[in-house]
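Have a look at the structure below, then the notes.
The values are calculated or read from the model by the stated rules, or taken from the named source; none is laboratory data. Everything numeric here is computed off the predicted structure, so don't read it as measured data. In this analysis, Cβ positions are derived from the backbone assuming ideal geometry, glycine residues included, and neighbour counts consider all displayed protein chains. Only protein heavy atoms, including side chains, enter the accessible area calculation; ligands, DNA and RNA are left aside. Shrake-Rupley method; radii C 1.70, N 1.55, O 1.52, S 1.80 Å.
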Amino acid sequence: MPAPPGRPALSLFAALLVAAPAARADDDPKKPAKPGETGIEVKLTDDSVVKLTLLDTSVEFVTPHGKLTIPVTEIRRVDLGLRVPDDVAAVIKAAAADLGSPQFRKREEAMGVLLKYREKSYPALKEAAKSSDAEAAKRAEELIEKLEAIVPKGRLELPEYDVVHTDVSKIAGKIVAPSLRARSFTFGDVPLKLSDVQAMSVGGFRDKEEVVNALPDPGSLGQYQQPQHIGKTYVFKVTGAVNGSTIWGTGTYTLDSSLAVAAVHAGVLKIGQTGNVRVTIFGPMARFIGSTQNGVTSSPYQNYPGAYQIHTKER
């Protein structure tokens, strides 16, 4: 087992505490949505997934053939195109210009800003890479390489339009509103800024819908120990196996546990079966319970610096 745990990092969801109102007394995750409200799963641009109740009953949707009003009850999924708020666009534009600054500190700060905004920075970086300023072009190319390594290709080349999926059609266009009204079980009523959203799904994200964005099997998830991954949910394309690798935990496993073996142990794949496995990354955990499930035996462990939880169909 690798070594010493690092300092625990806060979940990305902690950021909601800053902007969200206090939870309401009647918020209850087991309580069904009221008439006119729809339960949804939202995949954010940082790859985390949250469950919310959508309070809007319809969305205004502009298409090349005119404006539509689509009832939320008819929507099964929405894939969001690229949205860069004006204030963010101004920050990105200034940072891209600073890549060629004569001041080293400004160039370094600009790179940090552009990396922070990930796919939102990508179009500006592609332009900066064509710059006649050798320093600016070099730094833009470095950032493009970093983004292409950490952001799925489909997220870097987003269209400017949204796609709404219903039971009978797929419609391309643009949701007019910059945000929708939603309710969090924890934080009460919150605005859902569409610039922070990759996709919204009624009834959860299905494997067949996530095939395009599924990452290759990493073996184990040791590379996801860094703080920026904690709290995020990832989807990997995995073939179930029992290859002699030791795994530690039940449902939640140490980061160095083989994902292919853990998926069989958790019951989401059979040996030799290939499918998408959703996992959420956690920080240090004090205890992992060993067990025998689905023909696989896992071992117990204590005090490991990182963990991942496999999402089963019931979750």
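Restricting ALA110, ALA129, ALA134 to those that are surrounded by 17 or more Cβ atoms within 10 Å (Cβ to Cβ), over 30 Å from ALA214 (Cβ atoms) and among the aliphatic types (A, V, I, L, M) reduces the list to ALA110. Summed over the range 293-311, residues that are open to solvent by 30 Å² or more (accessible area, probe 1.4 Å) and on the phi < 0 side of the Ramachandran plot total 8.
For the range 53-63, taking the residues that are farther than 10 Å from VAL176 by Cβ and assigned to a strand (DSSP E or B), the one that is most open to solvent (accessible area, probe 1.4 Å) is identified as SER58. Looking only at residues in the range 64-106 that are in contact with a strand residue (DSSP E or B) (Cβ under 6 Å, 6 or more places away or on another chain) and open to solvent by 60 Å² or more (accessible area, probe 1.4 Å), the one that is farthest from SER121 (Cα to Cα) is GLU74. Only one entry in GLY275, GLY219, GLY290, GLY231 is among the small types (Gly, Ala, Ser), open to solvent by less than 40 Å² (accessible area, probe 1.4 Å) and outside any loop (DSSP other than H, G, I, E, B), namely GLY275. Within the range 100-154, being of a type outside the set (Gly, Ala, Ser), outside any helix (DSSP H, G or I) and out of contact with any Asp or Glu (no Cβ under 7 Å at 6 or more places or on another chain) holds for PRO102, GLN103, TYR117, LYS130, ASP133, PRO152. Among the residues of the range 234-267, the ones that are open to solvent by 10 Å² or more (accessible area, probe 1.4 Å), among the hydrophobic types (A, V, I, L, M, F, W, C) and part of a strand (DSSP E or B) come to 2 in all. Residues that are open to solvent by 40 Å² or more (accessible area, probe 1.4 Å) and charged (D, E, K, R) within the range 152-170 comprise LYS153, GLU157, GLU160, ASP167, LYS170, listed in sequence order.
Among the residues that make up the range 48-58, is at least one of them within 17 Å of ASP162 (Cα to Cα) and at pLDDT below 90? No, the conditions are met nowhere in the range 48-58.
Restricting the range 171-194 to residues that are assigned to a loop (DSSP other than H, G, I, E, B) and modelled with pLDDT of 90 or more, which is least open to solvent (accessible area, probe 1.4 Å)? Ranking the qualifying residues of the range 171-194, first place goes to ALA177.
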